[in-house]
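The values are calculated or read from the model by the stated rules, or taken from the named source; none is laboratory data. Since this is a predicted model, take the numbers as computed values, not measurements. Neighbour counts are summed over all protein chains in view; Cβ atoms, including those assigned to glycine, are modelled from backbone coordinates with ideal geometry. The area values use the complete protein model at the heavy-atom level, side chains included, leaving out ligands, DNA and RNA. Shrake-Rupley method; radii C 1.70, N 1.55, O 1.52, S 1.80 Å.
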Amino acid sequence: MYKDLAGKVAVVTGGSKGIGNAIARRLSEEKMSVVINYHSDRQGAENTVKELEKLGGKAVAVKANVGTEEGIQALLDAAVNTFGDMDVWVNNAGMENSSSTHELSLEDWNKVLNVNLTGVFLGAKAALNHFLSHDKKGNIINMSSVHERIPWPTFAHYAASKGGVKLFNETIALEYAKRGIRINAIAPGAINTPINAEKFADPAQLESTLNLVPMNYIGKPEEVAAVAAWLASNESSYVTGTSIFVDGGMSLYPEFAEGKG
Ligand code: NAD
């Protein structure tokens, strides 16, 4: 538990399922009020709100597309109008699909870049303006991926978006450090969420992913949420502009594990 988080307000984009849902739940356990953004899964978001309220938490579900300014404004408005302020903004929403790059349509490229990178920009911009106009030392957490560092054939648009998040994260952390606004990224590896459900349901694909994870298991969304809570709290007060890898060692070149090379 991080006592300084109690009573503060968080916005979590893409919070109806997966990693975002685990972050929303964890921040609620930390006694924060949480705006849970959803895009299509209204039921998932509303059920989470009900569950958190039963446990004494404060939460609200808000439909919004993070790739639009109106969507982002609706999330900020919900935080301020429902809970009176906004202290922590989590840019978690993301999507991926696979295509050979020579066959990748401009439409798919734009869709992935719009959610994964433009959505992060728009969310961060709204959060920064709120923090600056309220003279607030707020906190922004951007969901990146191991693919901000590891190339991923047939996911060039996804890798490009996460590489973009990495340098965007570092740049704005530097730009606003003097204001006391901390901005960090989390770079998960293979986590058990709906984005991977099909892949991990196939034993051969699960095995091939496990071979890339030195710790030899698929991560839990709660293991990512624990890092988000720490980054949001004052326990990480001297940490800004970094990407924290939550990947069971996936980014450590596992093929060299036995001393090969
Ligand atoms: P998920 O598919 O379970 O959740 C993604 C969420 O983003 C969903 O709630 C979806 O509705 C939302 N979303 C998509 N487009 C949106 C839009 N336009 N506006 C608002 N919300 C939108 O996936 P997840 O695994 O929980 O992924 C969460 C984040 O973590 C993503 O940024 C993803 O790239 C990143 N990530 C996941 C993994 C993994 O292994 N699961 C690994 C690395 C990075």
Inset, instruction - Could you check, for the stretch 95-103, whether at least one of its residues is touching a residue at least 12 places away in the same chain (Cβ under 8 Å), touching a strand residue (DSSP E or B) at 6+ places or on another chain (Cβ under 8 Å), among the small types (Gly, Ala, Ser) and open to solvent by less than 50 Å² (accessible area, probe 1.4 Å)? - result: no
Inset, instruction - Look at Ile244 and say whether it is under 16 Å from Val90 (Cβ atoms) and either touching a His at 6+ places or on another chain (Cβ under 8 Å) or within 14 Å of the ligand (Cβ to nearest atom) (or both). - result: yes
Inset, instruction - Kindly indicate whether any position in the stretch 125-134 is outside any helix (DSSP H, G or I) and either modelled with pLDDT of 95 or more or surrounded by fewer than 21 Cβ atoms within 10 Å (Cβ to Cβ) (or both). - result: yes
Legend entry - Check on Ala22, out of contact with any strand residue (DSSP E or B) (no Cβ under 8 Å at 6 or more places or on another chain), open to solvent by less than 60 Å² (accessible area, probe 1.4 Å) and at pLDDT 95 or above: yes
Legend entry - Index of the failed condition, Ala45 passing every other in (1) more than 18 Å from Asn114 (Cα to Cα); (2) open to solvent by 20 Å² or more (accessible area, probe 1.4 Å); (3) within 19 Å of the chain's Cα centre (by Cα): (2)
Legend entry - Pair list, Cβ < 6 Å and 6+ apart or interchain, from the stretch 1-17 residues that are touching a residue at least 24 places away in the same chain (Cβ under 8 Å) to residues that are among the hydroxyl-bearing types (Ser, Thr, Tyr): Tyr2/Ser233; Asp4/Ser233; Leu5/Ser233; Val9/Ser33; Ser16/Tyr38
